[in-house]
Amino acid sequence: MSKPSIPKGTRDFTPSVMARRQWIFSVLRDAFERRGFLPIETPAMESLATLTGKYGEEGDQLIFKILNNGDFLSKAQDDSLAAKDSKALGFQISKKALRYDLTVPFARFVTMHRNDIAMPFKRYQMQTVWRGDRPGKGRYQEFVQCDADIIGSTGVLCELELVCLFHEALSELGIPGFRIMVNDRRILAGIAEHLGVADRLTEWTVAVDKADKVGVDGVCDELASREFPMEVQQGTRLLFSLGLEGIDGMRALAQSFPTAQVMEGTRALEQLWKLAEREGLSAPQLCFAPALARGLDYYTGAIFEVQVSDAPVGSICGGGRYDDLTGIFGMPDVSGVGISFGADRIYDVLEHFEAFPLNLDVGLDVLLLNMGQETLDPVLDAAGHCRRKGLRTEVYPDEAKLKRQFKYADDRKVPFVILIGEEEAAADHVTLRDMGTGEQHTATLADVLQKIQGRT
């Protein structure tokens, strides 16, 4: 019999890991709701046609397709099979796919529920997505995204709110040394126009977006392999040298690449910068990153990415402005902007820096020992009182040796154990042991509960 296993790029989560993950989700949920974002959920599956063509050529290749039910090959065309045309076959034998992100399904959601929501609409969503990336550190095929979007407004206050949300949530999570990188797709489009490759914008930005993985030389090598002229490579190298922080960097960039789109993008970012500084955000936590590309085709304006110095993973958050994404679903001229927190990468960063709060994995406040049938009634009564006081409480299920029950309490990291033997039951008292100090004393249940609550 083969050993049990799970697919590459997926993970099991133990209770201690889940306690930390749930804490991350609760901090993010509180941050979202403080700013008026409303929760939604969408199906794990979407129509393949809904997802395809929204993430660029490389993104489309990472979508997990779901085979049609039954004899899925019966609808496969002979010429596609003979030619081994996987792209054509994909649409013939698969009509559904696992969602690749939460933004495109959100655009579909807004279109379908336009009469049920007030615009501008602010939503948050925390659900699993799937991508066929090669698994590695901080890169999974199944992971959770925590998104916040504002749709139905073009105002720069939307971008400001999301930048502030990044800062608030990541600060509350205790992420050390994070930087919010900001750019604008109009700037990239204007630079591509200046370099004479406006017709190859997507191809050029895909290469530029790989800089954090392959470096500037690697980007230029890829441009060469894609047969971009030498002057394009040189202009791209200049772009990476203009990483000045803040408004000065934007103005230097506009002087080096003086096109209308660059001017439009830098003006928009200058306005955002001044508002952010008013809210107390500035360098080094807020950085202008002129080479930031975000490789998704649907971004049209400001784009964001959060990086952490000396972290074992790449960016932990991202997002941007998308105009008319709902137009592909029949609801044109609606602009939105959104950000995504990568919960799994946030977990990896907090673990790397040992920055999680202590005792998150303590799932119990009180364990009541099982001393046998004779004292079971007062034990169960005491457990009920503990729970009504808001304490996480468990009764050991078996009548076992005390050594075994105390070992279970140690394994569960329970701070307090309550023992009710025949003597305690007769006197209407309980014995409390502090598992941290080893101290124990006998008193009424009310006194014991007061002591426990003072410590928890």
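Descriptive notes on the structure:
- Of everything in segment 81-107 that is modelled with pLDDT under 95 and of a type in the set (D, E, K, R), the residue that is farthest from Val334 (Cα to Cα) is Lys84.
- Top-ranked residue of segment 213-227 - restricted to ones that are open to solvent by less than 80 Å² (accessible area, probe 1.4 Å) and closer than 17 Å to Gly56 by Cβ, ranked as farthest from the chain's Cα centre (by Cα): Arg226
- Tally, over segment 433-456, of residues that are open to solvent by 60 Å² or more (accessible area, probe 1.4 Å), part of a helix (DSSP H, G or I) and either more than 14 Å from Asp365 (Cα to Cα) or aliphatic (A, V, I, L, M) (or both): 2
- Segment 56-161 holds no helices (runs of 4 or more DSSP H) entirely within its bounds that carry 3 or more residues that are polar (S, T, N, Q) and under 27 Å from Gln22 (Cα atoms).
- Tabulated pairs, segment 162-180, first within 19 Å of Phe288 (Cβ to Cβ) and in a strand (DSSP E or B), second open to solvent by 30 Å² or more (accessible area, probe 1.4 Å) and of a type in the set (Lys, Arg), C-beta under 6 angstrom, 6+ apart or interchain: none
- Candidate set from segment 163-212 (those that are open to solvent by 10 Å² or more (accessible area, probe 1.4 Å) and among the small types (Gly, Ala, Ser)); member that is nearest to Ala283 (Cα to Cα): Gly177
- Looking only at segment 247-280, and only at residues there that are outside any helix (DSSP H, G or I) and either farther than 22 Å from Asp212 by Cβ or of a type in the set (Val, Ile, Thr) (or both), the one that is modelled with the highest pLDDT: Glu279
- Ile6 being over 22 Å from Met112 (Cβ atoms), loosely packed, with under 13 Cβ neighbours inside 10 Å and aliphatic (A, V, I, L, M): yes
- For segment 58-71, the candidate set comprises residues that are out of contact with any Ser or Thr (no Cβ under 8 Å at 6 or more places or on another chain) and either surrounded by fewer than 16 Cβ atoms within 10 Å (Cβ to Cβ) or at pLDDT below 85 (or both); within that set, the residue that is nearest to Leu325 (Cα to Cα) is Gly59.
- Long-range neighbours under 7 Å by Cβ, at least six apart or interchain, first residue closer than 24 Å to Tyr100 by Cα within segment 64-80, second in a loop (DSSP other than H, G, I, E, B) and modelled with pLDDT of 75 or more: Phe64/Gly132; Lys65/Ser94; Ile66/Ser94; Leu67/Ser94; Asn68/Ser94; Asn68/Lys95
- Flag: Val430 does not match the condition of being surrounded by 14 or more Cβ atoms within 10 Å (Cβ to Cβ) and under 39 Å from the mean Cα position of the chain (by Cα).
- Options Asp217, Asp149: the member that is free of Cβ contacts under 8 Å to residues at least 40 places away in the same chain and over 24 Å from Arg251 (Cα atoms): Asp217
- Whichever residue in segment 15-42 is in a loop (DSSP other than H, G, I, E, B) and open to solvent by less than 70 Å² (accessible area, probe 1.4 Å) and, among such residues, is nearest to Leu165 (Cα to Cα): Arg35
- Looking across segment 340-371, the residues that are touching an Asp or Glu at 6+ places or on another chain (Cβ under 6 Å) and modelled with pLDDT of 95 or more come down to Ser340, Leu367, Asn370.
- Filter result (touching a strand residue (DSSP E or B) at 6+ places or on another chain (Cβ under 6 Å) and either open to solvent by 10 Å² or more (accessible area, probe 1.4 Å) or closer than 11 Å to Leu369 by Cα (or both)) within segment 383-415: Ala383, Arg387, Leu391, Thr393, Glu394, Val395, Ala409
- Matching residues in segment 285-316 - criterion: being over 18 Å from Trp273 (Cα atoms) and not in a loop (DSSP other than H, G, I, E, B): Gln307, Val308
- Where a residue in segment 9-30 is more than 18 Å from Gln145 (Cβ to Cβ) and its partner, wherever it lies, is open to solvent by 70 Å² or more (accessible area, probe 1.4 Å), with Cβ under 7 Å and at least six apart: Asp12/Ile6
- Any chance Ala355 is among the small types (Gly, Ala, Ser), within 24 Å of Gly174 (Cα to Cα) and surrounded by fewer than 18 Cβ atoms within 10 Å (Cβ to Cβ): yes
- Gly319 touching a residue at least 12 places away in the same chain (Cβ under 8 Å), under 26 Å from Thr128 (Cα atoms) and open to solvent by 20 Å² or more (accessible area, probe 1.4 Å): no
The values are calculated or read from the model by the stated rules, or taken from the named source; none is laboratory data. Predicted model only: the values in this text are computed from it and were never measured. Glycine gets a Cβ as well: all are built from the backbone with ideal geometry, and neighbour counts include every protein chain shown. Accessible surface areas use protein heavy atoms only, side chains included; no ligands, DNA or RNA. Shrake-Rupley method; radii C 1.70, N 1.55, O 1.52, S 1.80 Å.
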